[in-house]
Every structure is written in C-alpha cells, then in structure tokens.
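Reviewing the structure listed below.
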Amino acid sequence: MVSRPAPASAALPPMTGDGGPPGFDAFGRAVLEDVRDAVFLQDTEGAVRWANPAARALAGDAAPRLHPLAETSGHVELAGHRRPARIRALPGGWHAWTVPAEEIPQRHVGDFLAEAGPRLAVARGRHGTARVIAELAASALAETVFVLLPTTRGRWEWWSCERPAAQGHGRIRRVPPQVAPVLAATFGATGRPQFAPVPAAEVATLPPVVADRLAGHADISVVSLGPNVGAGVTGALLLGRRADPEFGAGQLRAVVEFAKAAGTALANAQRYARQEEATRGLETTLRPVDPPELDGARFETWYEPAGGVLAVGGDFFDVLAHEDGSAFLVLGDICGKGPEAAALTGRVRHALTALAMVERDGRTLLRLLNELLIAGGSSRFATLVLGTARPSDGGVGLTLASGGHPAPLIVRRSGVVEEVTVPGTLVGISPQARFAEAEVRLERGDVCLLYTDGITEARNRHDQTELFGDDRLRSVLAAAAGEPAREVVRRLRQAVRDWLGSSAHDDIAVLAVECAD
C-alpha cells in the first residue's frame, strides 16, 4: 500500500470502469453507485482514479488527498478537513478508501433551501426556471426528478434530471384523472404544496419516458407547485428515490419548502414573461419606423434610447409621405427618459400623425400640439422641429418650424456647415407659446441634420464634466461633407460612441435628409 499522501486530480472521474482495477465489472460499479458510504478507488501509482456519487458529493470541487495510517485505516483530506477512512486492498495493487456514511457531514434542510433560493431567483423564463428546479431537486431530494407543467393541446411539458447530471425535456400526453388520481389531484392544487406518495400501479400508467425512468425506485412521490390561485400556475414535481432520504426526518419539510420556493419562482417567471410580452408590444407601437422612399430625397436615421426596461425613450422621429410626393417630417425630445417619457412620446407622435393629415403649416401644428399637451395636464414638455420636405427641380425644399429644439444643421457639399435659425418656445409649457418657420433648399449632395441633445450632451468617457458639444458636432459633419447621408450619420455615430465609451447616455435620435439623384 502507498505510504505517502496520494495525489489526486481536481475533477473526480465518473464510474465508467475503463482502466479500473482488475475484475471491476458493471456489477461492482452498480453496487458502488448506490451505497451511502463515500468510496474512492486508488490506482497502483497512488492517484484517485474513481469515486462513487457519495464520494463525489463529499469532495465537491476539492481534490482528495489520501493519508494512510495503517494497512487498513487512514484519512481522506478534503479542503483541509480530514475524515477517517477504511482501506481495503484490491486486485492488481489498487486500494479502496471508504469514508463511512456516518462520517459524512449531513446537509441541513436550511442549508439546502438557502443554496436553492439564489439559483431560483436568478432563473429566467419558464424553461430556464423548470430546468433549475429539476437540477436542484435532483441534487438533494431524489435521484430522478420530473417537473411537470401544463401546456397546450392537453399535454404536459416535462423537464427531468437524474443523478449525477443527466437532463431531459419534452412533452407527453396528459394522463386522465381516473387513471392517475393522485398525480391529477396534486397537479392542479394551489396554496401550500400538497405532498403524496404515488402508487406503483399509477406510475405504470404514465407515458414510458416517465414510467421507465422511475421504475426500480424504492419511493416515488409527488408535490404540487401552484403557489396560489392568483399566480395562475399549476404543476407538479415527481420525485423518485432509491436510497434513504438525505435529510432523514426533515425530508418532508425539505420537499414542501422547496416546492413552495419553486412554485413562487415559476409564478415570477410567468409574471415576468407577461410583462416582457407587454413591453415588446409597447416597443413595437412606440419605436420609430424606417422612413419611406421619396423620389429626389433620401432619409437616414439613428435611434438609440438610454438604457432601461423599454427599448424606447423620450426621443423620436417620424417621416410620413404625402400623395403629392412631399413628406411630413418631425424629430423631437420629450423631457425625461424611461417609460413615462416613452408614453408621452407615443401621445405626441399619434397626435402629430393625425394633425398632419389635415394641416401642413408647421407653426399651426406646433400650436395645436401645445394646446393638447397643456389640456392633457402633463408636467412634461417637449422640444420639436417639424416641417415638410418637397423635392423639386433637382433639389429639396425644406420648410421647418421649431419648438425650442436645437437648430437643424445643413452640411453643404462644399464643406460648409450652416445653422437653420428657427426660433420657438418649448411645447407644452405656456398657452402663449410662439413658433416660427424657416425655408431652406438642399442641392444635390447637401444633407440636413435634425438631432436631439443626446448628441451634444454626451459625456466624455474619461471626464464626465466634458460634453461632446456643438463645435465637435460641426467638425464631424464638416469632415463628412459631400458624403451621402448614410455615411454622414455613420461617422457621427462612431464619433459619439468613441467619445462615450461604455458610459451611460441620454436618448439619441438623428434624422438626416439628403438631396439625392
């Protein structure tokens, strides 16, 4: 026998038998799989080559070191803790080190629930949560676990886990209550988890994918997963156990408390899924759409809301084509960000879409929108620039009106950057608000840029007090003069992102209008 501490690999291999001690056949492996004692097999070189499930559970991530004290006794050292072990000589110079079950520290119910809680809390979605429930239950409550949840067309969806780590997922037909009364009664229960043993005759009525894998288990039980009626969740956890319960007299408490936590996690996952679906629906309604095609004019956009629950914010743009070949365009910024700003954004966009069908004058549109916002009682205000793009005679005429918004910039093909001065007050603040209008013309290769202050107020990634600013914006645009709108916006986007780095930013919206062929 080796008389020195034996080296060991950090990861204990499973019981496959390849390269094992002479005469170590499938029968021997099967026996060791189910014993509660921790058994480590040591080869002729002193290395731990194999370990049964109890030994792997005892070792965890630690590499065992074997210290012989005599021919038949020693210590197994794991993470600095030594546990008494019996040593038995095997054929071919191998040795079996056995740590008796009574020397293996027992897990406490509270420890198991404390470990399970965080994993259930971070699980996402119905599928991910059910899979985590099966994994956790198989780690302590049973050797074979099935999570059963209702799905469409009279079926159950199932997730399984078998020790040490075999997983499965699929759908099966729902067994009628008259055939499987215990399972059916438990499956639909809500409130405090209901626990019940499942007779072998009832297990045999289940579809083969479940019944076959539960065959041969000493104890099969089921516990409900419906936390309460309001949660809208029903389901069951099937537990197949071969060995004695890990928590002894506390096993029932462990199962019931775990089922309670699992049902709550499933309810949270379902609630989160509903919220996510509603959020995606709102985003679809509120998020700006790509501008239409227009003969003689080309539009390019950049939309990047600030981070948050919704992928929309307080900045917006719209381009609506008219039958006469012109287009109504608007770009705006609602005070604030997040869901509340996004909600008001939706109101403003819908109001302008309706008003633009009957009114073309920009000053009138801003006046009517101002009255609507004030009448609506919102404490938020908006800044906007809107107007009409009308291609004609090889150019594009722009009529623009502004309500307190940053001035549009014209990037001439020659390299000159011009500011379109359009005075106007904030929209939604005062009934006495006044708005002005200006007309400009784009020649071939010219680009007009409408933008929100998320550009100029972007903060430097190295110095948060330094803003991107108007001068830097003009420099980027001047360097892109003569390029199509797509390239102008691409260069601006790259410059701002380089400036920001990974820093947070306000909502950003850009609408570029190009006089094109």
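Any read-out appearing in this document is the output of simple, stated calculations on the displayed coordinates, not a laboratory observation. In this text the structure is predicted, and so the values were computed from the model without any measurement. Please note: Cβ atoms are built from the backbone with ideal geometry, for glycine as well, and neighbour counts cover all protein chains shown.
Calculate how many DSSP beta bridges within the chain are antiparallel, expressed in % of all such bridges and rounded to the nearest 5. Can you show the working numbers first?
Working: 105 of 108 bridges.
Just about 95 percent of them are antiparallel.
Over the stretch 109-278, consider all pairs of different Cα atoms and compute the Kirkwood hydrodynamic radius from their mean reciprocal separation; express it in Å, one decimal.
Working: mean 1/r = 0.0634 Å⁻¹.
So the Kirkwood estimate lands at 15.8 Å.
Does the stretch 364-412 come out rounded, prolate or oblate, given a ≥ b ≥ c as the square roots of the eigenvalues of its C-alpha gyration tensor, rounded meaning a/c under 1.5 and, failing that, prolate meaning a/b above b/c? Could you put the intermediate results ahead of the total?
On the way: a/c = 5.37, a/b = 2.23, b/c = 2.41.
Verdict is oblate for the stretch 364-412.
Would you mind getting me the FRET efficiency between L320 and T421? Use the beta-carbon distance for r and R0 = 22 Å, nearest 0.05.
According to the calculation, E is roughly 0.30.
Amide H neighbours of N52 under 5 Å, at least 5 residues apart or on other chains, H built in the peptide plane: list them.
Residues meeting the criterion, in which the H sits 1.01 Å from N, are V39.
Give me the number: length gained by fully extending R486 to R86, i.e. 0.36 nm times residue separation minus the C-alpha to C-alpha distance, one decimal in nm.
Numbers: separation 400, 0.36 × 400 = 144.00 nm, distance 7.60 nm.
Working it through step by step, the gained length comes to 136.4 nm.
Using modelled amide H (1.01 Å from N, peptide plane; none on Pro or chain starts), what sits under 5 Å from the amide H of F247, excluding residues fewer than 5 places away?
Result for F247 returns nothing.
Under the definition of Cα pairs under 8 Å and six or more residues apart, what whole-number percent is the relative contact order of the chain? Working shown, then result.
On the way: 1094 pairs, mean separation 49.1, N = 517.
In percent, rounded to a whole number, it is 9.
To one decimal place, what Kirkwood hydrodynamic radius in Å is obtained for the chain from all pairs of distinct Cα atoms?
About 28.9 Å for the chain.
Quick one: P(r) of the stretch 26-103 from all Cα-Cα pairs, 5 Å bins, percents rounded to integers, in order of increasing distance.
For the stretch 26-103, the pair-distance distribution reads 3, 17, 29, 29, 16, 5, 0.
Can you give me the long-range amide H partners of D315? Hydrogens built in the peptide plane at 1.01 Å from N, cutoff under 5 Å, separation of 5 or more residues or another chain.
Here I334 satisfy the definition.
For the stretch 289-515, what does the equivalent ellipsoid look like in terms of its semi-axes, each the square root of 5 times an eigenvalue of the Cα gyration tensor, given largest first in whole Å? Don't skip to the answer; put the middle values down first.
Values: eigenvalues 122, 114, 44 Å².
Square roots of five times the eigenvalues give 25, 24, 15 Å.
With θ taken as phi - 60° and the coefficients 6.51, -1.76 and 1.60, list the Karplus ³J(HN,Hα) couplings across the stretch 479-489 in order, rounded to whole Hz; mark glycine and proline as x.
5, 9, 4, x, 7, x, 4, 4, 6, 4, 5
In nanometres, what is the gap between the two model label sites at R36 and D61, each 7 Å from Cα along Cα-to-Cβ?
According to this spin-label approximation, the distance is 2.9 nm.
Using the 10 angstrom Cβ neighbour count as an exposure proxy, how do L384, L32 rank, fewest first? All intermediate terms of the calculation are to be shown ahead of the outcome.
Working: L384 28, L32 21.
Arranged by neighbour count, lowest to highest, L384, L32 become L32, L384.
Quick one: Karplus J couplings for the stretch 90-104, per residue in order, coefficients 6.51, -1.76, 1.60, θ = phi - 60°, nearest Hz, x for Gly and Pro?
10, x, x, x, 7, 9, 9, 9, 10, 9, x, 4, 5, 8, 8
Dipole magnitude of the stretch 289-515 about its Cα centre, charges +1 at Lys/Arg Cβ and -1 at Asp/Glu Cβ only, in debye to the nearest 20?
Working: 23 positive and 33 negative charges, 47 e Å.
Computed about the Cα centre, the dipole is about 220 debye.
Pop out the ³J(HN,Hα) list for the stretch 497-509 in order, Karplus 6.51 cos²θ - 1.76 cosθ + 1.60 with θ = phi - 60°, rounded to Hz; leave Gly and Pro as x.
5, 5, 5, 6, x, 9, 5, 5, 8, 7, 4, 10, 9
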